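Enquirer: One structure is given below, represented as structure tokens, and several questions about it will come after.
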Amino acid sequence: PCPGPCLFLLLLPPPVRSQPVGAFDVCRSLLSSEAGPGWEFYACQPPPVNMKELMQIRVDPPGITCGNPPERFCTLENPYLCSDECDASSPDLSHPPQLMGDRERGGLITYWQTVTWSRYPEPLLANITLSWNKSLEVVDDIIVTFEYGRPTSMVLEKSMDKGVTWMPYQYYADDCMEVFGMMPKRVSELAPSNLTRVICTEQYSRWVGAKEEKAVVFEVRARFGVLAGPKLINMDALYTRMETMKGLRDFFTFTNLRLRLLRPALGGTYVQTDNLLKYFYAISNIDVPARCKCNLHAAQCLLRDATLMCDCDHNTDGQDCQRCRPGFKSRTWRPGSYLTLPKGTANTCTFTTVSNTNCECNGHSNRCSYIDFINVVTCVSCKHNTRGQRCQYCRLGYYRNASLPLDDENVCVGCQCDLQGSSSPHCSNSGLCQCKAGSTGRRCDTCLSGYTWREGGAGCTANVCDEERLLCQNGGTCLDYSSCICPANYTGERGGAQGVWAPRGSGELGALLLGLYRPNHRQQTPSALTQNLQNNSMLNESTHQLESSNEPGPGWTQLWVCWMLSAFALGIFPH
Ligand SMILES: [Ca+2]
């Protein structure tokens, strides 16, 4: 529910509050007030890019591209030197459509080229359709660069519905009246009141030589300039008109463009029918400076699965941010506005508190709340021991019954971990409690072999002795798994020490034995336990031997000292 940009913005320091006039590059900024942090929203739009990098090109009719089969052509400059060749199968001599949108490197001009006008007098017609499948707003001049001469007549068309319907954008002819029945016009002659008029221009079609002028322009900058002044110094006036003048924003909007090439450059007034190899179209580049149209609700446009998408903010949704997000329809969607300048108005969609259309809580709640700061809708008061943004998790101390659907009232089952045998009241996703040392079972309410349950909070405690492995030695008997009753002359926890040689370490021995049951041993298998016990009794024996050899006892040194003292006292040695 929280789209990428909101997280992204959270990670960034708050942007500078005052935006430069006409930037509209930030959708929101963080504000701190006495009531806590919050957002201030602004109208925003993605930066312009050259859309030629992203356009899909289609040319019609099929077979209009030269080189299949290979053919020769000449140029208007050298009409009798027809040695150039177009060959679709040769990388150096082919001229496929994508060369209209490529990045030319190292000064090498690459271009698409059609077949020559060999079918004269049939008109040499070619359509180039440029598709983005996304609403775009043109922000500067569209420039089509023709190698070998500009067409005598052509039409630029646009579609605003991804190619379903088309409308003319601009007519181009060397004689507008003759070809289109229109009075020729220049954009500079337009006034603010008729700025969106579709005109026919003769500026780009008259023969001036193929090398001198290659560009055919759709003048966007000049149209902006009618409102914003010659150097676009007064963009405020343009933005204000964008809001108030009906159809102005739509005029600069398109999803597809189409060039209908109607008649190639002739290099003169008449078609020279004996040399048709010099008539064809060739386009080296089409620049389309535009931005994604996001209705002033997004500051960037993303390419997802080869589709351009606005990265919508202001709780809007859709490829063009053209609707409110589900659940945010407490008032009608509106595009953002450039007014009031300079920040504009975001016209954000706001959370619907009355109708909970987006309150999807898996049937465990019918109330949601919107946390504006992190832009998240979350369920509140999840019932049936559930929790989470959509009540999709079980509360701590409960686990999910995987055999029930998520919206079942009994989907969360209590862990019921045994308080004495478990180290926590919480259990795993499969209901397993965390057992203390020595306890086992789903609820940790049974003891491992070698342990005995004791009440009073002790839970499973390690046996000091039992009838199987931890035997009382030397005839001792085990009492309640906790102590051996030793026969006379024997002592020790398990009756293994004898009389005067009772090892001083017997206390430590007990601790050592108890140490077997410390937590790192609680998962021991019975065989590992036995092995450990054997190791430990070997350790015990060696300790015992070591202590025996160090035992001072009544040794020879003491006997000798005693004998010497006695001898002096009895006068055995002469003085
Ligand atoms: Ca090119």
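Enquirer: Take the range 244-269 and flag every residue that is more than 30 Å from Gly344 (Cβ to Cβ) and either polar (S, T, N, Q) or in contact with a strand residue (DSSP E or B) (Cβ under 9 Å, 6 or more places away or on another chain) (or both).
Expert: In the first step, residues of the range 244-269 are kept if they are more than 30 Å from Gly344 (Cβ to Cβ); the result is 258-269.
Scanning the range 244-269 gives Arg258, Leu259, Arg260, Leu261, Leu262, Arg263, Pro264, Ala265, Thr269.
Enquirer: Right, here's the next one. Sort out which residues of the range 437-457 are open to solvent by 50 Å² or more (accessible area, probe 1.4 Å) and among the small types (Gly, Ala, Ser), and write them in order of number.
Expert: Ser449, Gly456, listed by residue number.
Enquirer: Then there is this: May I ask you to list the residues in the range 249-266 that are part of a strand (DSSP E or B) and of a type in the set (D, E, K, R)? Reasoning before the result, please.
Expert: The first filter runs over the range 249-266 and keeps only residues part of a strand (DSSP E or B), leaving 253-263.
Residues satisfying the conditions are Arg258, Arg260, Arg263.
Enquirer: Please list, ordered by first then second residue, the pairs with beta carbon atoms under 7 Å, 6 or more apart or interchain, first in the range 395-407 and in contact (Cβ under 8 Å) with a residue 40 or more places away in the chain, second open to solvent by less than 90 Å² (accessible area, probe 1.4 Å).
Expert: Listed by first residue and then by second, the contacts come to Leu406/Asn362; Leu406/Gln392; Asp407/Asn362; Asp407/Gly363.
Enquirer: Return the residues of the range 243-256 that are farther than 25 Å from Lys52 by Cα and touching a residue at least 12 places away in the same chain (Cβ under 8 Å); say none if nothing qualifies. Outline the logic, then answer.
Expert: We begin by selecting, within the range 243-256, every residue farther than 25 Å from Lys52 by Cα; these are 243-247.
Selection gives Glu243, Met245, Gly247.
Enquirer: Which residues, taken from the range 69-100, are within 16 Å of the ligand (Cβ to nearest atom), loosely packed, with under 15 Cβ neighbours inside 10 Å and outside any loop (DSSP other than H, G, I, E, B)?
Expert: Answer for the range 69-100, where residues must be within 16 Å of the ligand (Cβ to nearest atom), loosely packed, with under 15 Cβ neighbours inside 10 Å and outside any loop (DSSP other than H, G, I, E, B): just Gln98.
Enquirer: If I filter the range 31-48 down to residues being in a strand (DSSP E or B) and open to solvent by less than 40 Å² (accessible area, probe 1.4 Å), which single residue comes out as nearest to Ala282 (Cα to Cα)?
Expert: Looking at the filtered set, the residue picked out is Cys44.
Enquirer: So, in the range 306-324, exactly how many residues are surrounded by fewer than 18 Cβ atoms within 10 Å (Cβ to Cβ), in a strand (DSSP E or B) and hydrophobic (A, V, I, L, M, F, W, C)?
Expert: 0
Enquirer: Here's something else I'd like to know. I'm told Met51 meets every condition in (1) open to solvent by 30 Å² or more (accessible area, probe 1.4 Å); (2) within 16 Å of the ligand (Cβ to nearest atom) except one. Can you identify the failing condition by its number?
Expert: Status for Met51: all satisfied but (1).
Enquirer: Based on what the data block shows, is Ile64 at pLDDT 95 or above, of a type in the set (A, V, I, L, M, F, W, C) and within 13 Å of the ligand (Cβ to nearest atom)?
Expert: Values: at pLDDT 95 or above: yes; of a type in the set (A, V, I, L, M, F, W, C): yes; within 13 Å of the ligand (Cβ to nearest atom): no.
Considered against the rule, which asks whether it is at pLDDT 95 or above, of a type in the set (A, V, I, L, M, F, W, C) and within 13 Å of the ligand (Cβ to nearest atom), Ile64 comes out as no.
Enquirer: OK, next. Quick check: is even one residue across the range 461-472 surrounded by fewer than 16 Cβ atoms within 10 Å (Cβ to Cβ), in a loop (DSSP other than H, G, I, E, B) and under 56 Å from the mean Cα position of the chain (by Cα)?
Expert: Checked the range 461-472: no residue is surrounded by fewer than 16 Cβ atoms within 10 Å (Cβ to Cβ), in a loop (DSSP other than H, G, I, E, B) and under 56 Å from the mean Cα position of the chain (by Cα).
Enquirer: List, please: which pairs have Cβ atoms under 6 Å, are six or more places apart or on different chains, and start with a residue in the range 129-158 that is at positive phi and end with one that is open to solvent by less than 10 Å² (accessible area, probe 1.4 Å)?
Expert: Tyr148/Ala210; Tyr148/Ala282; Gly149/Ala210; Gly149/Ala265
Enquirer: Quick test for you: out of Arg390, Arg334, pick the one residue that is basic (Lys, Arg), crowded, with 18+ Cβ neighbours inside 10 Å and either part of a loop (DSSP other than H, G, I, E, B) or outside the structural domain of Asn133 (by the TED database) (or both). Show your work before the answer.
Expert: On the way: Arg334 fails: crowded, with 18+ Cβ neighbours inside 10 Å.
Of Arg390, Arg334, the one residue that is basic (Lys, Arg), crowded, with 18+ Cβ neighbours inside 10 Å and either part of a loop (DSSP other than H, G, I, E, B) or outside the structural domain of Asn133 (by the TED database) (or both) is Arg390.
Enquirer: Among the residues of the range 101-134, count how many are closer than 26 Å to Asn275 by Cβ, open to solvent by less than 20 Å² (accessible area, probe 1.4 Å) and within 16 Å of the ligand (Cβ to nearest atom).
Expert: Summing the residues that are closer than 26 Å to Asn275 by Cβ, open to solvent by less than 20 Å² (accessible area, probe 1.4 Å) and within 16 Å of the ligand (Cβ to nearest atom) in the range 101-134 gives 4.
Enquirer: Assuming Gly181 fulfils every condition listed in (1) open to solvent by 40 Å² or more (accessible area, probe 1.4 Å); (2) touching a residue at least 24 places away in the same chain (Cβ under 8 Å); (3) within 22 Å of Pro123 (Cα to Cα) apart from one, which condition is it?
Expert: In the conditions (1) open to solvent by 40 Å² or more (accessible area, probe 1.4 Å); (2) touching a residue at least 24 places away in the same chain (Cβ under 8 Å); (3) within 22 Å of Pro123 (Cα to Cα), Gly181 misses (2) alone.
Enquirer: Restricting the search to the range 199-214, which residues are open to solvent by less than 70 Å² (accessible area, probe 1.4 Å) and under 18 Å from Lys185 (Cα atoms)?
Expert: Ile199, Cys200, Thr201, Glu202, Tyr204, Ser205
Enquirer: Could you pull out the residue among Lys246, Lys231 that is under 43 Å from the mean Cα position of the chain (by Cα), open to solvent by 50 Å² or more (accessible area, probe 1.4 Å) and over 28 Å from Met160 (Cα atoms)? Reasoning before the result, please.
Expert: Values: Lys246 fails: over 28 Å from Met160 (Cα atoms).
Selected residue: Lys231, the only one of Lys246, Lys231 that is under 43 Å from the mean Cα position of the chain (by Cα), open to solvent by 50 Å² or more (accessible area, probe 1.4 Å) and over 28 Å from Met160 (Cα atoms).
Enquirer: I've got another one for you. Which of the residues that make up the range 428-449 are in contact (Cβ under 8 Å) with a residue 40 or more places away in the chain and either in the same structural domain as Ala402 (by the TED database) or in a loop (DSSP other than H, G, I, E, B) (or both)?
Expert: If the condition is that a residue be in contact (Cβ under 8 Å) with a residue 40 or more places away in the chain and either in the same structural domain as Ala402 (by the TED database) or in a loop (DSSP other than H, G, I, E, B) (or both), then Lys436, Ala437, Gly438, Leu448, Ser449 are the ones that fit.
Enquirer: Answer with yes or no whether Cys415 is closer than 23 Å to Lys383 by Cα, open to solvent by less than 50 Å² (accessible area, probe 1.4 Å) and either modelled with pLDDT under 90 or hydrophobic (A, V, I, L, M, F, W, C) (or both). Full working, then the answer.
Expert: Numbers: closer than 23 Å to Lys383 by Cα: yes; open to solvent by less than 50 Å² (accessible area, probe 1.4 Å): yes; either modelled with pLDDT under 90 or hydrophobic (A, V, I, L, M, F, W, C) (or both): yes.
The answer is yes for Cys415.
Enquirer: Of all the residues that make up the range 267-305, how many are assigned to a strand (DSSP E or B) and within 16 Å of the ligand (Cβ to nearest atom)?
Expert: Our first condition is that a residue be assigned to a strand (DSSP E or B); within the range 267-305, this holds for 282-287, 289-292, 297-304.
So of that shortlist, the ones also within 16 Å of the ligand (Cβ to nearest atom) come out as 282-287.
Summing the residues that are assigned to a strand (DSSP E or B) and within 16 Å of the ligand (Cβ to nearest atom) in the range 267-305 gives 6.
Enquirer: In the list Asn401, Asn410, which residue meets the criterion of being polar (S, T, N, Q), loosely packed, with under 14 Cβ neighbours inside 10 Å and under 36 Å from the mean Cα position of the chain (by Cα)? Before you say what the answer is, go through the steps one by one.
Expert: On the way: Asn401 fails: loosely packed, with under 14 Cβ neighbours inside 10 Å.
Exactly one residue qualifies, and that residue is Asn410.
The values are calculated or read from the model by the stated rules, or taken from the named source; none is laboratory data. Quick caveat, the model's predicted, so the values are computed rather than measured. A quick note on method: Cβ atoms are made from the backbone with ideal geometry, for glycine too, and the neighbour counts reach across all protein chains shown. Heavy atoms of the whole protein, side chains included, go into the accessibility calculation; ligands, DNA and RNA do not. Shrake-Rupley method; radii C 1.70, N 1.55, O 1.52, S 1.80 Å.
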